[in-house]
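Chemist: Structure provided below as structure tokens; questions to follow.
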Amino acid sequence: MPKKTGSPTIRDVARLAGVSITTISRVLNEPNPPVSAETLARIQQVISELNFVPQSAARSLSTSRKNAIGLLLPRIGWDAYFPPLLRGVEAGAVEFGFDLLIASRRAEGPSALGPHNTDGVVVFTDSLSDAEIAAWQVRKFPCVLLHRTPPDGLNIPHVQYENRDGTRSIINHLIEVHGCRRIAFLRGPLGNEDSAWRELGYRAALEAHGIAYDPALVVDGNFDESDARLAVEKLIGNHAARGAADLLPLSDGSVLNTDFADAVFAGDDDSAVGVLAALQNAGRRVPEDIAVVGFDDAPQARFCIPPLTTVRASIDEAGKTATSMLVELITRGETAPMALLPTELVIRRSCGCI
């Protein structure tokens, strides 16, 4: 029997994936196809191996360009992070001549952004499920992940900060320059990859200096000013409930600070604002009684009282880089698999320097 030639068809994909043509059609055309993650992964693998391009996708690429890209967010907030992120994404869209559509994703159901109204989408953190990302990959719809790694087995471009090294540098500074030993850490939201990498950096710095990890000093701040304030108030309350004295007299006439911590790594700069408020309300002086540091170098960091020591991670640049990679994917069909953006320690007064 002669070997079959020509482009693979939807029938070929269905046969090799062991599913019906109807199932393949649903995966290719519905935002949330009713198939299991295992089936979706099998279909994606077959499509990749065959280099199959749906006829509708090929027609769209050649004749129906929307000239618009999307930014999909889990929420749209007006805290310190989102305005520079939006500026960065917008700058990239304008530079390359694309309109920008922005949507938040709070509930199950079809995404407001996708192949029906954009040429590609920047997906911020967890605003799209692994199954939905896989479905877009099957359809060869361009997307770039921001502050999130791809689901297992999928080669999707993504943008991240050097979170671990940046955190190590600021914790090392607290330990080596200021002698801090009890450093509280406020985690970000559950499942947030930036937070996970920052916690790894925090633990690594403690271990490198022979400081035991204390789970009682690690609490949820959720990258949120209000949650961070409440978390620190709880730490202070727990400390008071134990009857611990804040200042312990020493034989030479000096005193040893025995407060709940001698420093707080707030996880991000929004959380740091809440930490500063909680400490002020509790009568703690920063940095005289306790040091406070953040992450991001958001615009308000330099205007905090005292000005905030933090890790600079350019929010604008992250947005613009993700957009540039998405445009490359749309126009050329390929881009770099990953952009790892550098971080930089920024010293201000809140740690005790200057």
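Chemist: Would you mind computing, in nm to one decimal, how far apart the modelled labels at ALA212 and GLU288 are, each placed 7 Å from Cα along Cα→Cβ?
Modeler: The answer from the label model is 3.3 nm.
Chemist: Rg(Cα) of the range 163-312 divided by 2.2 N^0.38 Å?
Modeler: Working: Rg = 14.5 Å, N = 150, 2.2 N^0.38 = 14.8 Å.
Normalised Rg, Cα atoms only: 0.98.
Chemist: Alpha carbons only, please: Rg and Dmax for the chain, in angstrom.
Modeler: Values for the chain (Cα only, Rg and Dmax): 24.5, 97 Å.
Chemist: How many percent of DSSP beta bridges within the chain run antiparallel, rounded to 5?
Modeler: Antiparallel: roughly 15 percent of the beta bridges in the chain.
Chemist: Just for the Cα atoms in the range 156-211, what are the lengths along the principal axes, largest first, rounded to whole Å?
Modeler: The principal-axis extents, from largest down, are 42, 19, 15 Å.
Chemist: Given the -39500 (n - 2.57) contribution per DSSP H run of 4+ residues, what per-residue ellipticity at 222 nm results for the chain, rounded to the nearest 500 deg cm²/dmol?
Modeler: So the helix-based figure for the chain works out to -13000 deg cm²/dmol.
Chemist: Another question about this same structure. Starting from the Kirkwood Rh over alpha-carbon pairs, what translational D in µm² s⁻¹ does the range 117-214 have by Stokes-Einstein at 25 °C and 0.890 mPa s?
Modeler: Details: Rh = 15.4 Å.
Estimated via Stokes-Einstein, D reaches 159 µm²/s.
Chemist: Defining a contact as two alpha carbons under 8 Å apart and six or more residues distant in sequence, what relative contact order in percent does the chain show?
Modeler: Value for the chain: 18 percent.
Chemist: Can you give the relative contact order of the range 129-229 as a percent, counting alpha carbon pairs under 8 Å and 6+ residues apart?
Modeler: In percent, rounded to a whole number, it is 24.
Chemist: Once Lys and Arg get +1 and Asp and Glu get -1 on their Cβ, which of ALA212, CYS304, GLY267 lies farthest toward the positive end of the dipole of the range 163-312?
Modeler: After comparing all options, I get ALA212.
Every number in this text was worked out from the coordinates using simple rules, so none of it is lab data. The model shown is predicted, which means the values in this text are computed figures rather than measured ones. FYI the Cβ positions are ideal-geometry reconstructions off the backbone, even for glycines, and counts take in every protein chain you see.
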